[in-house]
1. Residues to consider are 39, 27; find the one that is modelled with pLDDT under 85 and open to solvent by 70 Å² or more (accessible area, probe 1.4 Å).
2. Kindly indicate the residue of region 270-295 that is open to solvent by 20 Å² or more (accessible area, probe 1.4 Å) and out of contact with any helix residue (DSSP H, G or I) (no Cβ under 9 Å at 6 or more places or on another chain) and also modelled with the lowest pLDDT among those meeting that condition.
3. Look through 129, 146 and report the one residue that is part of a strand (DSSP E or B) and either touching a residue at least 12 places away in the same chain (Cβ under 8 Å) or in contact with a Pro (Cβ under 7 Å, 6 or more places away or on another chain) (or both).
4. Could you go through region 158-165 and let me know if any residue there is among the hydrophobic types (A, V, I, L, M, F, W, C) and closer than 11 Å to residue 99 by Cα.
5. What's the total number of residues in region 341-384 that are at pLDDT 70 or above and loosely packed, with under 10 Cβ neighbours inside 10 Å?
6. Any residue in region 90-108 that is at negative phi and surrounded by fewer than 17 Cβ atoms within 10 Å (Cβ to Cβ) sitting within a Cβ distance under 7 Å of a residue that is basic (Lys, Arg) and outside any helix (DSSP H, G or I)? List the pairs, counting only those 6 or more apart or interchain.
7. Condition first: β-branched (Val, Ile, Thr), open to solvent by less than 10 Å² (accessible area, probe 1.4 Å) and more than 13 Å from residue 371 (Cβ to Cβ). Now tell me which residues in region 139-175 satisfy that.
8. Please specify each residue of region 106-146 satisfying the condition of being within 14 Å of residue 163 (Cβ to Cβ) and of a type in the set (Gly, Ala, Ser).
Amino acid sequence: MPLRTVRSTCSRAALHLTRIVLDRTVTGLETCITVLCETPTPAVQGLFVLLFGAAFYSYCKYFFSLLPLPTVPAWHIWSGTLTMMPSLVFFVLASWTDPGIVTPENVEQYSRQYRLDGVLYQPRTCATCNIPKPARSKHCRVCNRCIGRMDHHCIWLNTCIGTRNLRWFLAFLASTAAICIYGTRAGWRVASACEVSGPGPLLSGQAVPGDVLRVTHTWSACRACDRLCPSQPARSSTLAPQGAVLGARIMHGHMGVEGAWKLARVRRGSGRLEYVSDSALTTLRYVLERYPVQFCLTFFLGVMGWVLTGFLGYHIFLTLNGTTTNEASKWRALRKDLARQAAFDPAGLHLDLAPDNAYDWGPGRNLLDALVPRVPCAKDSKLC
């Protein structure tokens with residue numbers, strides 16, 4: 001058989017095999033997403049508990065072990081442990097509290113809680129539950145049940161967020177964000193407690209002395225540092241001010257205790273001396289080499305702190321405006337539809353692109369309604 005034919009056959013076989021592997025991989029990912037996101041399963045709850053426990057264990061092992069430091073007392077170990085407890089408590093409450101399941105027995109109560117506004121909510125019957133749909137309720141396809149004042153389905157809690165557990169959900173977000181912020185802040189204080197100045201600017205133009213050549217591209221104590229630059233003003237690492245964002249400052253204090261700012265190594269190729277305190281990039285390289293776990297954990301806490309804070313702020317914004325995630329999506333779709341109608345209105349009529357939200361009663365009352373589920377309204381009362 002000619003060599004060209006063999007190559008062509010092998011190429012087609014490899015391409016076919018690659019397509020099979022990709023198709024099966026995509027199918028497997030779709031199945032996993034369906035199981036985790038579109039079916040009620042405690043797997044994601046377990047994943048959260050696992051991540052939470054692993055992060056707390058790592059923080060205790062790699063950061064609390066550095067305490068006490070001059071300005072960071074050892075009681076931060078206990079306060080850090082106690083800040084973990086509210087998050088777990090609110091996690092359990094948000095997960096196992098009734099979100100507001102609408103049943104044939106209580107549908108009248110939920111119907112009296114909010115009146116139909118005639119904009120987002122019209123008189124309808126749930127085709128799945130076969131019961132009248134109260135205002136602000138929605139049938140969750142994951143839980144397969146109608147939820148009063150439905151906000152969204154949370155896969156991390158394996159339940160819907162509705163009228164009865166919204167308060168615990170907000171408390172869970174706030175407490176978990178507080179843990180991340182506390183962890184970053186505690187690491188910053190640990191770093192600030194041991195500010196140790198460095199040996200001075202990088203001697204970029206000087207050759208490496210003979211007794212330092214043995215360090216060979218790795219960080220080691222530079223014994224000739226004080227002799228080489230005794231007249232240079234002391235300075236700290238240039239990464240220190242940005243450390244709270246990048247995660248390096250959490251290790252800054254321990255680096256000072258170890259005398260890391262008097263460490264140097266030989267640059268590859270040039271053979272010149274490079275100090276840890278030379279630049280932000282140099283310090284970051286040392287941190288990644290010396291504190292890889294601490295850096296990754298700090299970066300993870302910082303990112304999750306910002307994400308959770310933003311998510312919490314978004315939900316507080318919705319709550320103060322008397323709306324939910326589900327209703328916010330409906331309002332966007334309604335305004336887009338009205339704008340499309342206005343663009344093609346032959347009479348040139350100006351349609352109302354922003355109907356009033358009948359459930360917006362002011363920030364104070366909106367917040368109270370979300371945190372303290374109201375007693376159902378009387379039949380003859382106004383829209384409330």
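The values are calculated or read from the model by the stated rules, or taken from the named source; none is laboratory data. Note that this is a predicted model, so its numbers are computed, not measured. Cβ: placed from backbone, ideal geometry, glycine included. Neighbour counts: every protein chain shown. Side chains included, ligands, DNA and RNA excluded: accessible areas come from the protein's heavy atoms. Shrake-Rupley method; radii C 1.70, N 1.55, O 1.52, S 1.80 Å.
1. On the way: 39 fails: open to solvent by 70 Å² or more (accessible area, probe 1.4 Å).
Going through 39, 27 in turn, the sole match is 27.
2. We begin by selecting, within region 270-295, every residue open to solvent by 20 Å² or more (accessible area, probe 1.4 Å); these are 270-272, 278-281, 284-285, 288-290, 292-295.
Going one step further and asking which of them are out of contact with any helix residue (DSSP H, G or I) (no Cβ under 9 Å at 6 or more places or on another chain), we end up with 270, 272, 278-279, 281, 285, 289, 292.
Values: 270: 68, 272: 72, 278: 73, 279: 74, 281: 79, 285: 79, 289: 81, 292: 84.
Restricting to residues being open to solvent by 20 Å² or more (accessible area, probe 1.4 Å) and out of contact with any helix residue (DSSP H, G or I) (no Cβ under 9 Å at 6 or more places or on another chain), the top hit is 270.
3. Details: 129 fails: part of a strand (DSSP E or B).
Result: 146 is the single residue among 129, 146 that is part of a strand (DSSP E or B) and either touching a residue at least 12 places away in the same chain (Cβ under 8 Å) or in contact with a Pro (Cβ under 7 Å, 6 or more places away or on another chain) (or both).
4. Taking region 158-165 and keeping what is among the hydrophobic types (A, V, I, L, M, F, W, C), we get 160-161.
Checking which are closer than 11 Å to residue 99 by Cα leaves us with 160-161.
Yes, some residue in region 158-165 is among the hydrophobic types (A, V, I, L, M, F, W, C) and closer than 11 Å to residue 99 by Cα.
5. So the count comes out to 5.
6. Qualifying pairs under 7 Å: 98/164.
7. 147, 159, 161
8. Once the filter is applied, which keeps residues that are within 14 Å of residue 163 (Cβ to Cβ) and of a type in the set (Gly, Ala, Ser), region 106-146 yields 111, 135, 137.
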